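What follows is a short report on a single structure.
The values are calculated or read from the model by the stated rules, or taken from the named source; none is laboratory data. Quick caveat: nothing in here was measured; it's all calculated off a predicted structure. Because the Cβ atoms are built from the backbone with ideal geometry, glycine has one as well, and the counts that use them run over all protein chains shown.
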Ligand SMILES: Cc1cc2nc3c(=O)[nH]c(=O)nc-3n(C[C@H](O)[C@H](O)[C@H](O)COP(=O)(O)O)c2cc1C
């Protein structure tokens, strides 16, 4: 929870009831996200779509989750080929919608659209290293080396919505520029309510070990630590370093129950085949058979990783193009029944 500034009593004015209620509501969202549910599910493009979020929430309904990154251009232009432009978050509590872009006005408009669609908070991507996003479009990780543009975007987005705004960033552009604390301080001045920090630079991409710095008192907003976190020991270590929460990305692949297990609300399920089937049904419902089947292959690979005969199973799955056949193959592999 961010510290509230002290106000001397002779300057204090009574707060209007409606402002007080909004204040309590937003404060409640943030404290619920950072104090109670300290483990966040990271945004993963191509993975944390609506079907995946439904599966995670089956095990841990309160896990704070991010959407995949959403282009402000695509969202504001209502591009039909991108289904997530039309997601409705009202039935998805604790979902932060992540936007990326380099145009402050478009980012503000995109934030408003997502607020109207029921997002719990807006996250600004300031860490994506992919050339198409960071170098060619000036968005994502580029904002770590253009603090002026980052500030303009954060101010515009914060001004445009009533829900909390967060950022997700990395340590810096490269080893010579590990200036994450400067960016976080600018974010704080802009009214950003919390930040997620991935313990790598843009230059590292996803290589090497994530190394999170200790959070000291000069950082005034809650920081969520991210990078190579997979176990309860990893989570504990991050919290001991002064982080307000931990964020898991690749650690949730093939084990969407990890948040439930780490927060003690469920055990590792016995009936994994039934979960794979349900995930497939959610994908079919959302994307349609033609698109869902190729997209689901990677999930099948993650769910089956390390199991006996999984290599042969994956080879078979990669040739399947019909939902009925895929269901049968999944049931054969996990020894479950098709109930659809
Ligand atoms: C396949 C993939 C997709 C990702 N997509 C996003 C994204 O859309 N937005 C974002 O801020 N970070 C994205 N990231 C970065 C992750 O959110 C996270 O910061 C990174 O994977 C480190 O955490 P981990 O070690 O727990 O995976 C992505 C990473 C991967 C591997």
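Does at least one position in the stretch 152-162 carry a residue that is under 30 Å from residue 92 (Cβ atoms), within 14 Å of the ligand (Cβ to nearest atom) and assigned by TED's automatic domain parsing to the domain that holds residue 228? No.
Count, please, the residues in the stretch 204-225 that happen to be free of Cβ contacts under 8 Å to residues at least 60 places away in the same chain and part of a loop (DSSP other than H, G, I, E, B).
Let us first name the residues in the stretch 204-225 that are free of Cβ contacts under 8 Å to residues at least 60 places away in the same chain, namely 204, 206-219, 223, 225.
Among the residues that remain, those that are also part of a loop (DSSP other than H, G, I, E, B) are: 204, 206-219.
Here the count works out to 15.
Can you find, within the stretch 235-248, the residue that is farthest from the ligand (Cβ to nearest atom) among those that are over 18 Å from residue 182 (Cα atoms) and surrounded by fewer than 18 Cβ atoms within 10 Å (Cβ to Cβ)? The residue in question is 240. Number of residues in the stretch 101-113 that are part of a loop (DSSP other than H, G, I, E, B) and within 16 Å of the ligand (Cβ to nearest atom) equals 2. Filtering the stretch 163-175 to residues that are within 14 Å of the ligand (Cβ to nearest atom) and out of contact with any strand residue (DSSP E or B) (no Cβ under 6 Å at 6 or more places or on another chain) leaves only 171.
Per the listing 223, 215, the residue uniquely away from the ligand (no atom under 15 Å from the Cβ), more than 13 Å from the chain's Cα centre (by Cα) and at pLDDT 95 or above is 215. Taken as a whole, the condition of being outside any helix (DSSP H, G or I) and buried (at least 22 other Cβ atoms within 10 Å of the Cβ) applies to residue 122.
If a residue has to be in contact (Cβ under 8 Å) with a residue 60 or more places away in the chain and within 13 Å of the ligand (Cβ to nearest atom) to count, how many in the stretch 70-85 make the cut?
So the first thing to find is which residues in the stretch 70-85 are in contact (Cβ under 8 Å) with a residue 60 or more places away in the chain, and the list is 83.
Right, trim to within 13 Å of the ligand (Cβ to nearest atom) and you get none.
So the answer is 0.
For (1) part of a helix (DSSP H, G or I); (2) surrounded by fewer than 16 Cβ atoms within 10 Å (Cβ to Cβ); (3) touching a helix residue (DSSP H, G or I) at 6+ places or on another chain (Cβ under 7 Å); (4) free of Cβ contacts under 8 Å to residues at least 12 places away in the same chain, each residue gets a yes or a no:
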| site | (1), (2), (3), (4) |
| --- | --- |
| 115 | yes, no, no, no |
| 128 | no, no, yes, no |
| 132 | yes, yes, no, yes |
| 136 | no, yes, no, yes |
| 149 | yes, no, yes, no |
| 181 | yes, no, no, no |
| 186 | yes, no, yes, no |
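Check whether at least one residue in the stretch 200-211 is modelled with pLDDT of 95 or more and within 16 Å of residue 148 (Cα to Cα), and report yes or no. No, the stretch 200-211 contains no residue that is modelled with pLDDT of 95 or more and within 16 Å of residue 148 (Cα to Cα).
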